[in-house]
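Each remark here refers to the structure printed beneath this line.
Each reported figure results from applying straightforward, stated rules to the coordinates on display, with no laboratory input. Note that the coordinates shown come from a computational prediction; the quantities given were computed from them, not determined experimentally. All Cβ positions, even for glycine, are placed from backbone atoms using ideal geometry, and neighbour counts span all protein chains on display.
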Amino acid sequence: NPGYDLIERFLPKRAALAMFAMAHDDIVEIGFNAGFSALLMLTANPNLHLTSVDICEHQYTMPCYEYLMNAFPGRVTLVKGDSTHVLPSVLQTNKELTGYIIDGGHGVGVAEQDLRNVIQYANKDAVLCFDDSDFVELRLMLNLYMMSGHLVPVWDPHAVAQNETQMFFKISCIN
């Protein structure tokens with residue numbers, strides 16, 4: 001069915017996310033939506049424990065989460081709420097996290113607050129996947145955080161998984 005074809009231009013993005021998941025057994029994902037990224041990561045790493053934070057504004061979010069919860073019992077948790085409010089408690093209570101994904105609100109205000117929370121509460125040696133970094137305003141914000149030393153880019157510019165919509169960083173924690 002042509003309606004279900006995977007968009008080829010997103011193959012590098014999916015490959016990068018799968019490799020990210022294979023490198024981390026405990027990840028927090030900001031922005032669950034329909035759970036496509038969660039499904040990919042949980043499939044890529046059978047040891048992954050994923051905690052997702054989502055505002056749950058779409059009718060399909062909870063049924064998609066329930067499907068994944070049944071398909072991957074004990075491996076996926078959804079925290080309902082505005083990430084700018086609930087994320088600090090999620091990050092403070094999970095000391096096993098080594099991977100962080102920001103793919104929630106795409107406005108600079110929400111994205112920057114999520115980034116600040118991750119930087120403030122990140123565990124040592126953690127890595128961040130920042131999605132939708134092709135948005136000009138978000139790229140400028142990320143550049144400021146790189147220049148301040150809070151984010152150190154991590155990637156191989158010639159890798160098959162390199163793509164224009166995700167950036168990966170080593171987080172320089174402030175805690």
Return a whole-number percent for the relative contact order of the chain, with Cα pairs under 8 Å and 6 or more residues apart as the contact set. 21
The range 1-86, relative contact order in percent, only Cα pairs under 8 angstrom and at least six apart counted: 27
For the residue pair Asn47 and Tyr67, what label-to-label distance in nm results when each label sits 7 Å from Cα along the Cα-to-beta-carbon direction? 2.9
Could you tell me which trypsin sites (Lys or Arg not before Pro) in the range 69-175 are loop residues by DSSP with no more than 13 other beta carbons within 10 angstrom of their beta carbon? Lys95, Lys124
So which aspartates and glutamates pass the test for Lys170, namely a Cα distance under 18 Å, with those fewer than 8 places away in the same chain ruled out? Asp25, Asp26, Glu29, Glu96, Asp103, Glu112, Asp114, Asp125, Asp131, Asp132, Asp156
So for R0 = 45 Å, FRET eff. of Leu140-Leu6 from the Cβ-Cβ r, to 0.05, ends up at 0.90
Using bins 10 angstrom wide from zero, how does P(r) for the range 97-154 break down, in % of all Cα pairs? 23, 62, 14
Obtain the nm distance between the two label points defined at Met22 and Tyr60 by a simple spin-label model: each point lies 7 Å from its Cα along the Cα-to-C-beta direction. 2.8
Among 41-49, 13-21, how do they line up by average Cβ neighbours within 10 Å per residue, starting with the highest? 13-21, 41-49
Stretch in the chain that is longest and holds no GluC sites (Glu not before Pro) that DSSP places in a loop and that have at most 15 other beta carbons within 10 Å: 97-163
Tell me which label goes with the value of Rg and Dmax of the Cα atoms in Å computed from the coordinates here: (i) 13.9, 47; (ii) 15.3, 50; (iii) 17.5, 57. (ii)
Using a 7 Å offset from the Cα along the Cα-to-Cβ direction at both Asn94 and Ser148, what is the distance between the two label points in nm, to one decimal? 2.3
Using only alpha-carbon positions, what ratio does the radius of gyration of the range 127-173 give when scaled by 2.2 N^0.38 Å? 1.09
Distances over 21 Å make up what percent of all Cα-Cα pairs in the range 1-88? 33
